[in-house]
Amino acid sequence: MALNRYQPAPTPISRALLAEKEIILLTLQLAKPIRPKDVENHLCIDHKTAVLMLKRLCAKGWLLPSIRGKGERIVRYELAHDVLHYL
């Protein structure tokens, strides 16, 4: 107890990071490519926020976009192969 005050405080975890990890876990649970609608329903957020979060995960390399048709729209996102190393 005497040494407790000399130990560093735990770093706070941001809500964005928790939401991103929750999206990855949801994708694993569904065992199929995830849609923005799935994220909306699971996290109770609006469509724009869900798409923004999915795009951030793509930028980090955790998700890969699945392009439909002529490559104009991204409708689903798949897990990258090495994403489990980040969790």
Report summary line: Scanning region 31-46 residue by residue, the ones that are open to solvent by 90 Å² or more (accessible area, probe 1.4 Å), part of a helix (DSSP H, G or I) and more than 14 Å from residue 77 (Cβ to Cβ) total 1
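Return the residues of region 53-87 that are surrounded by 13 or more Cβ atoms within 10 Å (Cβ to Cβ) and in a helix (DSSP H, G or I); say none if nothing qualifies. Spell out the reasoning first.
The initial filter retains those residues of region 53-87 that are surrounded by 13 or more Cβ atoms within 10 Å (Cβ to Cβ), namely 53-58, 62-66, 74-80, 83.
Passing the criteria: 53, 54, 55, 56, 57, 58, 83.
The values are calculated or read from the model by the stated rules, or taken from the named source; none is laboratory data. What you see is a predicted model, and the numbers here were worked out from it, not measured in a lab. Quick reminder, even Gly has a Cβ in these numbers, built from the backbone with ideal geometry, and neighbours come from all protein chains shown. Each accessible area value is taken on the protein alone, full model and side chains, heavy atoms only, with ligands, DNA and RNA left out. Shrake-Rupley method; radii C 1.70, N 1.55, O 1.52, S 1.80 Å.
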